[in-house]
Amino acid sequence: MAARPRRGYREPVRVVELSDHPGDLLRAARQRRTAGRGPERRRFEAALARHEERVAAARRARDTARAQHRWGAWLRSVLAVRRARRQAPAAPPPAGGPVSGREATLAAGVEGERLAAAGLGRALSDEWTLLRGYRNRRGEIDLVLVGPRGLFAIEVKYYNGTVSCDGDRWWVDRYDRSGRRVAREAMEDTRGRSPSTQLTDPARLLEQFLHSRGHHVPVQRIVLLTHASARFGRCARPTVGLAASVPEVLALLRASPADLPDAEVARLADRVRRDHEHYQARRPSARRRP
């Protein structure tokens, strides 16, 4: 059973890392942000070296004038040293520069998936297998959970706000500390898909594949909010299961009518893994690797 209290020690949920697409995107964004900092840093260091040489030359002239008791020249040299020191080049911004909105969004997604996987890992035993980063030609599923209560595709969202939906149209409202709404944003991926559509597209293709291999198990779909301040508002005609916490996911698992034997759970997990590997091998980036 999904969330029955633990009695004694049980092995934790089995985790299979298929891919880390959000992490890969985040690393690429960070590399792009920092790639241009090298030339700027080198220009600053060259300007700083020239500045330090000017200051050193002014100090030598000051010291020479003092040694020769040329007090007028010495005073002018003292002022020249002060001017030179004030003309230091401005340092560039901290390495990497400001974080872009895209990078911040990717970082939030990575953190949301980490929280979801950790929470499910603590709650479930090795009756379950958690596959992270499944992908097919219609998109990615953050988490695929296979166990005695069936197969679940989980899309993780890390939004700070109140999430609402009308069918497959989703939006998030953000509020200030006084409770006044300050923004409303559509929830869409880079292809304009809402969370439910983003999840349903690859989940349906996965379900078709499993059916074609004799596994007549529905792929149950859940959108999970993982931010501590996130909650669901009004959701009309939702097309997926809704959960604002890991305990709410566990409640959906318990409500599932499925009752799969261990052998079928293992076969399903293996089918999902092999299907992911099939699509990964067909991706252009995979074929270019040596």
Among (1) of a type in the set (A, V, I, L, M, F, W, C); (2) closer than 24 Å to R14 by Cβ; (3) at pLDDT 95 or above, A258 falls short only on (3)
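Out of A80, A88, A95, A73, report the one residue that is touching a Ser or Thr at 6+ places or on another chain (Cβ under 9 Å), over 30 Å from Q31 (Cβ atoms) and either at pLDDT 80 or above or assigned to a loop (DSSP other than H, G, I, E, B) (or both). Full working, then the answer.
Working: A80 fails: touching a Ser or Thr at 6+ places or on another chain (Cβ under 9 Å); A88 fails: touching a Ser or Thr at 6+ places or on another chain (Cβ under 9 Å); A95 fails: over 30 Å from Q31 (Cβ atoms).
None of the other options fit; the residue is A73.
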Please report, ordered by residue number, the strands (runs of 3 or more DSSP E) entirely within the stretch 115-211 with at least 1 residues that are in contact with a helix residue (DSSP H, G or I) (Cβ under 6 Å, 6 or more places away or on another chain), of a type outside the set (D, E, K, R) and closer than 30 Å to E11 by Cβ. 129-136, 139-147, 150-157
Does S229 satisfy the condition of being over 18 Å from G133 (Cβ atoms), at pLDDT 95 or above and under 24 Å from the mean Cα position of the chain (by Cα)? no
Taking the stretch 165-218 only, how many residues are more than 18 Å from H276 (Cβ to Cβ) and either touching a Cys at 6+ places or on another chain (Cβ under 6 Å) or surrounded by fewer than 17 Cβ atoms within 10 Å (Cβ to Cβ) (or both)? 27
Among the residues of the stretch 153-196, the number that are within 19 Å of the chain's Cα centre (by Cα) and of a type in the set (S, T, N, Q) is 4
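The values are calculated or read from the model by the stated rules, or taken from the named source; none is laboratory data. Since the structure is predicted, the reported quantities are computational estimates derived from the model, not experimental observations. Quick reminder, even Gly has a Cβ in these numbers, built from the backbone with ideal geometry, and neighbours come from all protein chains shown.
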